[in-house]
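What follows is a short report on a single structure.
The values are calculated or read from the model by the stated rules, or taken from the named source; none is laboratory data. This one's a predicted model, so the numbers in the text were calculated from it and none came from an experiment. Here the Cβ positions follow ideal geometry from the backbone for every residue, glycine too, while neighbour counts run over all protein chains shown.
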Amino acid sequence: MADLQTIAETWLSAFAVAAFSVDVAATVDTFLPDGWLRDALVFTWNTRSLEGHEKIAAYLRDTLPSAHLSNFKLDLTPGLQPEVVLESGVGAAFTFETPRCLGRGYVYLLKDGVSARWKALSVFMSVAEIKGHEERGYELGTYGGHTISWEEVNEARRSEIESGPYAVIIGAGQTGLHIASRFRQMDIPSIIVEKHQTVGDQWRQRYPTLSLHTTKNHHTLLYQPYPRNWPKYTPRDKVADWLKQYAESQDLIVWTNSYIQPQPTYDLVKKRWRILVNRNGIEVELHPAHIIVAIGTLGAPWIPDVPGRDEFKGDVLHACKYMGGHPYVGQDTIVVGAGNTAADICQDLSFQGARSVTMVQRSSTCIVSSKTVATQMARAFPDDVPYDICDFKFAAMPINLQRKLARAQESVMWEREKELHDQLRKGGLKLNMGRDGSGQHFLIFERIDVGCGPLIGAGKVKVKQGVEIKCFTKSGVVFTDDSEKEADLVVFATGYMDPRQSLKETFGSRLMEQTSPLWGLDEEGELRGAYKPTGHPGLWYGAGDFAISRHLSKQLALQIKATQLGMIP
């Protein structure tokens, strides 16, 4: 293979000249026929993924002339230099400009079998900064020539923001904290409203054996990586404590024990909300331009309405209320569901000494080993590479292209998990490799084996497959195949309702029905609802895991800053 930098520079030169000249045909010719363009706020204030020459050309005909792209340069920052990708391809980062923005991009190049030229399998282009409104970075740390203390500075800043925030964020989980941190660096005054007494309580209230299923560089927090000796998989209470100190160290304004009262109103002329916040029992009126709902993708816990529940003498819990298996030593237990949470709970119940543990699996489940996930994480989010570079490169390839490449490796994925899957099938579990054969990763946007596989294979966790609970009896349950099972505990790891349902209590049904679904992927493989306009002015959703919210908080902040500056109508 020729010099990687030369390959990348040659392609970038052709792409830059074509884009600068507003030559759509020449620009499209730098892509493979089945190539992709992913645009994050560059050509429109939206995020789009276009596949194939026809769609890319149609998109650029309407948007390339007004983009005024210029000053393309290869980015040789450590971690972003040209490298071998996809076995025989070349990946390279680059920078560019528009009249009002600084941009960054990434290209995946493959050699075209027809022309023998290097062409783009995928090009990612994103706005990095708005000129003159770049992220602030660190401060000097001394104020007024050493005449003003930090306490005075901080108090004055908080007082000003609390009297008139430009944005109010609902929820102080990782998503809300990421958004608030990003807003602070981009001079968007904001307050977080959190219903719990202490930041991190939403994690402290989950089951005690919970640890995050991704490695630490994937779930590190924005601007603040973990210490070098931090656990590879962070336990529940360490997550909670880290979120609490993060809010403090990032100087975020969080009103705990607080909530927005029904129903906020929006003034279409003034472009401002009127909201009443119950802050520790005291009513406070605010008029922000934007409200960001950052309560996550999980609404109210969902438990199916099963007849006979009132006559059942045991305990019935949703997984979110499960606080450990200690009370169920020597008892018969049933866990409905076969995802991560169900597996964690089954493992805990077995370890704590339940007499029997039965997992109820209705259909089939995609399960991969924790070793597989760790390998994937090490490749995409290695510990020795800054998280922002990992985030950028991960975002560079459209989700639907990732899915397409993964489907081609389906047989490899099955073979890799054979040992684990043999254990699980021995125990009666039915398996799949994702909804379309593309594997576990895309089921996030189900599942990872966290140590329950050997228990299932050894029969310590029984599997009841292909059924649901038809009804409760006094001493147990009856399944839809009419078999019966005695139980002292039934845990429903059955997921959660659409969060917009519970939001109707605050915002009203009419307003919420104007908004788009929260979470899931659209036909282009882009996130629905979150970090983009919801359908109601001044109302935004933020959601996702640590890495998603860490990265997309920037896109949200850019849109809000552009609105503030009048760049977006």
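List of remarks:
- Meets criteria (in a loop (DSSP other than H, G, I, E, B), under 30 Å from T506 (Cβ atoms) and of a type outside the set (D, E, K, R)) for G330: no
- Of note, T47 satisfies the criterion of being buried (at least 18 other Cβ atoms within 10 Å of the Cβ), more than 21 Å from A25 (Cα to Cα) and in the same structural domain as A14 (by TED's automatic domain parsing).
- Taking the criterion of being surrounded by fewer than 20 Cβ atoms within 10 Å (Cβ to Cβ) and assigned to a strand (DSSP E or B), the residues of the range 12-42 that qualify are P33, D34.
- Any chance E135 is outside the structural domain of L558 (by TED's automatic domain parsing), in a loop (DSSP other than H, G, I, E, B), surrounded by 13 or more Cβ atoms within 10 Å (Cβ to Cβ) and on the phi < 0 side of the Ramachandran plot: yes
- Each residue in the range 355-393 was checked for being modelled with pLDDT of 90 or more, basic (K, R) and not in a helix (DSSP H, G or I), and 1 of them qualify.
- Number of the exception - R528 against (1) within 30 Å of L405 (Cβ to Cβ); (2) buried (at least 21 other Cβ atoms within 10 Å of the Cβ): (2)
- Here S159 does not fit the description of being outside any loop (DSSP other than H, G, I, E, B), among the small types (G, A, S) and surrounded by 18 or more Cβ atoms within 10 Å (Cβ to Cβ).
- Some residue of the range 136-143 being under 27 Å from E285 (Cβ atoms), over 21 Å from the mean Cα position of the chain (by Cα) and among the charged types (D, E, K, R): no
- Meeting the requirement of 3 or more residues that are among the aliphatic types (A, V, I, L, M), the strands (runs of 3 or more DSSP E) wholly within the range 477-556 are 489-492.
- Put simply, of G337, G324, G330, G281 the only residue that is exposed (fewer than 13 other Cβ atoms within 10 Å of the Cβ), in the same structural domain as V357 (by TED's automatic domain parsing) and on the phi > 0 side of the Ramachandran plot is G330.
Conditions tested, residue by residue: (1) assigned to a helix (DSSP H, G or I); (2) touching an Asp or Glu at 6+ places or on another chain (Cβ under 8 Å); (3) over 21 Å from Y166 (Cα atoms).
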| site | (1), (2), (3) |
| --- | --- |
| Y226 | no, no, yes |
| P231 | no, no, yes |
| D237 | yes, no, yes |
| Y246 | yes, no, yes |
| Y259 | no, no, no |
| Y266 | no, no, no |
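- Entirely in the range 74-130, the strands (runs of 3 or more DSSP E) that have 1 or more residues that are more than 27 Å from the chain's Cα centre (by Cα) and closer than 22 Å to I56 by Cα: 89-97, 101-111, 118-130
For every residue, the table says whether it meets (1) under 25 Å from R184 (Cα atoms); (2) not in a loop (DSSP other than H, G, I, E, B).
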residue	(1), (2)
W273	yes, yes
L276	yes, yes
G296	yes, no
G299	no, no
I303	no, no
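- With respect to the stated conditions, Y233 fails to be in the same structural domain as L286 (by TED's automatic domain parsing), of a type in the set (S, T, Y) and within 16 Å of S549 (Cα to Cα).
- Pairs meeting the criteria (first residue in the range 556-568 and surrounded by 18 or more Cβ atoms within 10 Å (Cβ to Cβ), second residue assigned to a helix (DSSP H, G or I), beta carbons under 7 Å, at least 6 apart or on different chains) are L556/I179; A557/R182; A557/F183.
- Residues located in the range 476-528, provided they are closer than 29 Å to Y322 by Cα and among the β-branched types (V, I, T): V477, V478, T480, V490, V491, T494, T506
- Test: residue in the range 177-195 that is surrounded by 21 or more Cβ atoms within 10 Å (Cβ to Cβ), among the β-branched types (V, I, T) and not in a strand (DSSP E or B): yes
- Residue within the range 171-187 that is more than 23 Å from the chain's Cα centre (by Cα) and modelled with pLDDT of 95 or more present: yes
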